[in-house]
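S.K.: I have a structure I would like to understand better, so I am pasting it below and will then ask my questions one at a time.
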2 protein chains.
Amino acid sequence: MVKDDMANLMKKIPIESVTLGIGDVARATGVAQSKLRYWESKGYIKNHAVTDKSNRKFTYKTVLQVQLIKSFLADGYTLTSAVARAQKRAIYLDALRSFFEDRFAQMDVADHTATIDLGPFDPTPSKHLMAKRTDQQWRFYLATPES
Amino acid sequence: MVKDDMANLMKKIPIESVTLGIGDVARATGVAQSKLRYWESKGYIKNHAVTDKSNRKFTYKTVLQVQLIKSFLADGYTLTSAVARAQKRAIYLDALRSFFEDRFAQMDVADHTATIDLGPFDPTPSKHLMAKRTDQQWRFYLATPES
DNA sequence: AATATATGTCAAGTTAGTTGACAAAAACGG
DNA sequence: CCGTTTTTGTCAACTAACTTGACATATATT
């Protein structure tokens, strides 16, 4: 049984610190590099280049943003409104990350089962909320924390 | 209030499909490119290059793996055993992802609160387990799903 | 129709990554 | 401790990836 502090690892490599090149973003999203350059020039997506001479770099968050813009464009929105709509949804990633950092206290993985300790279950704080995967399915239950 | 199917977006861009260059991995982890090349040559980390002529590509999972190997090395483990130890923890990311795909039915974000519907609470399946963030803190509660 | 927005292409130049060779630490086995 | 193997760094020549700017063009917008 492997037992470890997963949240700690995730904090060592914040997702914002992982950047990728324009080719990687284009491949992942199916959006042409020329579009990405134009969108960047208009300030719709952010360039995280390390120096002013170096190549463009983007984050995973931008990848999601680009994917969103792409689908809104496909739905017939103009670029400007597609960007605005994508903007509102960008906060999801932040919310998601804060949830993981806040609540994934501990995680155990054995051969075929995984268990996540989600910390105190607020309606009954003496018990911990646990999630367990068996047979490809996650189920919740309450447990009294040890020690 | 923005309301949308976030899990769906994340599924459109599986994290494994996002690849990054060796420079990006080196920057994110602080591990030298020469090390990464050597580790790859020994099969400790996987190269996802698109063609046999093109440059090395790695995934976010590899970034975590590299970070793990690095910390085990710093703890005094040999490279071989650091790799073995990192291997066991690599499944965390898969477990995390499967939890997310399985359980993040819906997510709502308003100005200062975020709410995640985690689906039926198995001890009381008629109610849904909800997570809500207020004041930078996530709390769980049960709710009767609407319609 | 005229103008502004959005995208594609191409060439010449720059930055990033590759390989192979070599050197040299660091770990290992006896 | 010594010889060997593993692991890492550096460097030069080469290739791949990306950049910019110019131009063409298609698609809105007014």
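The values are calculated or read from the model by the stated rules, or taken from the named source; none is laboratory data. Keep in mind that what you see is a predicted model, and the values were worked out from it rather than measured. Ideal geometry is used to build each Cβ from the backbone, glycine not excepted, and the neighbour counts take in all protein chains shown. Only protein heavy atoms, including side chains, enter the accessible area calculation; ligands, DNA and RNA are left aside. Shrake-Rupley method; radii C 1.70, N 1.55, O 1.52, S 1.80 Å.
S.K.: Looking at (1) within 9 Å of DNA strand C (Cβ to nearest atom); (2) open to solvent by 70 Å² or more (accessible area, probe 1.4 Å), which is the only condition A:VAL83 fails?
M.R.: (2)
S.K.: Looking only at strands (runs of 3 or more DSSP E) that fall completely inside the stretch B:98-138, which ones have 3 or more residues that are without any contact (Cβ under 8 Å) to a residue 12 or more places away in the chain?
M.R.: Working: elements: B:106-109, B:114-121, B:124-134.
Fully inside the stretch B:98-138 and qualifying: nothing.
S.K.: Could you check how many residues of the stretch A:93-126 are closer than 29 Å to A:TRP39 by Cβ and in contact with a strand residue (DSSP E or B) (Cβ under 6 Å, 6 or more places away or on another chain)? Working first, answer last.
M.R.: In the first step, residues of the stretch A:93-126 are kept if they are closer than 29 Å to A:TRP39 by Cβ; the result is A:93-100.
Narrowing further to those that are in contact with a strand residue (DSSP E or B) (Cβ under 6 Å, 6 or more places away or on another chain): A:95, A:99.
Residues that pass the stated criteria total 2.
S.K.: Okay, next question. Here is a check on your reading of the model: is A:VAL25 in contact with a strand residue (DSSP E or B) (Cβ under 6 Å, 6 or more places away or on another chain) and either in the same structural domain as A:ALA86 (by TED's automatic domain parsing) or within 13 Å of DNA strand D (Cβ to nearest atom) (or both)? Reasoning before the result, please.
M.R.: Details: in contact with a strand residue (DSSP E or B) (Cβ under 6 Å, 6 or more places away or on another chain): yes; either in the same structural domain as A:ALA86 (by TED's automatic domain parsing) or within 13 Å of DNA strand D (Cβ to nearest atom) (or both): yes.
So A:VAL25 fits the description; yes.
S.K.: Can you report the number of residues in the stretch A:86-95 which are more than 9 Å from chain B (Cβ to nearest Cβ) and either in contact with a Ser or Thr (Cβ under 6 Å, 6 or more places away or on another chain) or without any contact (Cβ under 8 Å) to a residue 24 or more places away in the chain (or both)? Step through it out loud before you land on a result.
M.R.: Filtering the stretch A:86-95 down to residues more than 9 Å from chain B (Cβ to nearest Cβ) leaves A:86-87, A:90.
If we keep only those that are either in contact with a Ser or Thr (Cβ under 6 Å, 6 or more places away or on another chain) or without any contact (Cβ under 8 Å) to a residue 24 or more places away in the chain (or both) too, we end up with A:86-87.
The total comes to 2.
S.K.: Might you let me know whether the stretch B:86-97 holds any residue that is open to solvent by less than 70 Å² (accessible area, probe 1.4 Å), polar (S, T, N, Q) and either assigned to a loop (DSSP other than H, G, I, E, B) or not assigned by TED's automatic domain parsing to the domain that holds B:LYS132 (or both)?
M.R.: no
S.K.: If I ask for residues that are facing another protein chain (nearest Cβ under 9 Å) and within 15 Å of B:GLY119 (Cα to Cα), which ones from the stretch A:119-140 would you list? Even if it seems obvious, please write down each step before you answer.
M.R.: So in the stretch A:119-140, the residues facing another protein chain (nearest Cβ under 9 Å) come out as A:119-123, A:129, A:131, A:133, A:136-140.
Correct list: A:LEU129, A:ALA131, A:ARG133, A:GLN137, A:TRP138, A:ARG139, A:PHE140.
S.K.: Within the stretch B:15-80, which helices (runs of 4 or more DSSP H) (wholly inside it) include 3 or more residues that are within 12 Å of DNA strand C (Cβ to nearest atom) and either open to solvent by less than 30 Å² (accessible area, probe 1.4 Å) or more than 10 Å from chain A (Cβ to nearest Cβ) (or both)? Reasoning before the result, please.
M.R.: Working: elements: B:22-29, B:33-41, B:60-74.
Result: B:22-29, B:33-41.
S.K.: Sort out which residues of the stretch B:119-129 are surrounded by 12 or more Cβ atoms within 10 Å (Cβ to Cβ) and either at pLDDT below 95 or of a type outside the set (A, V, I, L, M) (or both), and write them in order of number.
M.R.: Looking only at the stretch B:119-129, we keep the residues that are surrounded by 12 or more Cβ atoms within 10 Å (Cβ to Cβ), and these are B:119-123, B:127-129.
B:GLY119, B:PRO120, B:PHE121, B:ASP122, B:PRO123, B:LYS127, B:HIS128 - these are the residues of the stretch B:119-129 that are surrounded by 12 or more Cβ atoms within 10 Å (Cβ to Cβ) and either at pLDDT below 95 or of a type outside the set (A, V, I, L, M) (or both).
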